[in-house]
Amino acid sequence: MPSHSIQPLNSELTESARESRERELLERIAARDREAMRKFYLLYYHRLARFLSRMTRRHELIDEMINDTLVVVWEKAGDFRGDSLVSTWIMGIAYRRGLSLLRTESRAQERMVLPRTGEEDLRDRATEQFDLAELLERAMENLSPDQRAVLELTYDLGHSCGEIAAIMGCPVNTVKTRMFHARNKLRGLVPILAAPRGEAQAYPRVT
């Protein structure tokens with residue numbers, strides 16, 4: 001039998017073993033096992049940081065979102081009933097905590113709007129030229145948190161539409177709609193951001 005024919009099975013076993021380990025950790029956390037919580041933290045910290053970095057670039061907010069998420073895990077581990085993957089449950093908590101913090105920050109910023117300085121304008125002009133990866137990063141910042149989350153969950157974390165729907169608490173069709181609009185908006189934003197400022201005005205505004 002060709003060796004490649006058994007790869008899916010091995011992969012499936014690996015994923016099954018990972019899920020079994022995570023569920024065991026949650027059971028121990030529900031029993032207030034601090035060592036299990038430490039292991040769970042190490043297991044999910046970087047995954048959560050990568051996901052939440054698509055919702056905001058502010059490191060202090062990302063750390064707060066991760067901490068809030070893991071506090072919920074510590075308090076609610078016993079509520080996990082196994083109806084979804086552990087990762088789906090965790091990312092759903094992180095998504096809701098992230099949105100909550102972003103809304104709080106947005107309200108605070110609306111009450112305190114600082115004027116731009118000439119120095120900030122000079123920095124903007126000095127950073128006009130970006131390579132494709134940087135352009136995509138800048139374009140991503142112009143998407144809504146929901147749209148950025150859908151792209152991150154799909155392309156970087158490998159979740160299915162059904163899993164993303166569970167994470168975001170919305171229908172699968174809503175996930176697909178957010179993906180459609182996010183991809184279309186990125187297509188329109190990249191050439192606008194790549195153009196010199198004078199030329200960029202010739203492009204239509206993307207909303």
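Hey, any hits in the range 66-80 for a residue that's without any contact (Cβ under 8 Å) to a residue 12 or more places away in the chain and closer than 30 Å to E141 by Cα?
Yes.
In the range 54-97, what count of residues is obtained for those that are open to solvent by 20 Å² or more (accessible area, probe 1.4 Å) and among the aliphatic types (A, V, I, L, M)?
Residues meeting the conditions: 3.
Please go through the range 18-33 and pick out each residue that is surrounded by 17 or more Cβ atoms within 10 Å (Cβ to Cβ) and within 8 Å of A77 (Cβ to Cβ).
Passing the criteria: L26, I29, A30.
Can you tell me which residue among G169, G158 is under 27 Å from E19 (Cβ atoms), at pLDDT 85 or above and of a type outside the set (V, I, T)?
G169
Taking the condition of being assigned to a loop (DSSP other than H, G, I, E, B) and either open to solvent by less than 20 Å² (accessible area, probe 1.4 Å) or under 13 Å from G92 (Cβ atoms) (or both), how many residues in the range 151-182 meet it?
So the count comes out to 4.
The values are calculated or read from the model by the stated rules, or taken from the named source; none is laboratory data. As the structure is a computational prediction, the values presented were derived from the model and not from experiment. Don't worry about glycine lacking a Cβ; one is built from the backbone with ideal geometry, like all the others, and counts go over all protein chains shown. Heavy atoms of the whole protein, side chains included, go into the accessibility calculation; ligands, DNA and RNA do not. Shrake-Rupley method; radii C 1.70, N 1.55, O 1.52, S 1.80 Å.
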